[in-house]
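The values are calculated or read from the model by the stated rules, or taken from the named source; none is laboratory data. Because the structure is predicted, anything quoted here is derived from the model rather than measured. Cβ placement follows ideal geometry from the backbone for every residue including glycine, while neighbour counts extend to all protein chains displayed.
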Amino acid sequence: MNERSGGLNRAFGKVLAERRVAQGVTQEQMWTALGMKPNPYRRLESDGRAITLNITKAVADLLNTPLTEMIAEAEKRVTPDQTDDPTTKSLRSALGFD
């Protein structure tokens, strides 16, 4: 995993945790609804465990929040040095974004 994706995963986990708490939902309710075991779910919130797009969408649905909103909020939290990694630059260049 490159630096940017790791940073984005951690930021998404923090957004998830904040929104979950704000809605009064427990971690146990989340991992049960998602069909996850406790430790992997906790790692998702705390250390940026990578998750599938299906789980990401299910998380947003459970929190009645648009997935795009959660991702945008997470992206705002990723530091600029994490967006300048060589993999991201190469991909952006290959796609014609730079």
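Structural remarks
- Output for the stretch 19-59, where each listed residue is β-branched (Val, Ile, Thr), exposed (fewer than 13 other Cβ atoms within 10 Å of the Cβ) and either under 15 Å from Ile71 (Cα atoms) or in contact with a Ser or Thr (Cβ under 7 Å, 6 or more places away or on another chain) (or both): Thr52
- Within the stretch 1-18, being of a type in the set (A, V, I, L, M, F, W, C), at pLDDT below 95 and surrounded by fewer than 19 Cβ atoms within 10 Å (Cβ to Cβ) holds for one residue alone: Met1.
- In the stretch 11-35, the qualifying residues are those that are part of a helix (DSSP H, G or I) and of a type in the set (Val, Ile, Thr), and the one that is nearest to Thr79 (Cα to Cα) is Val15.
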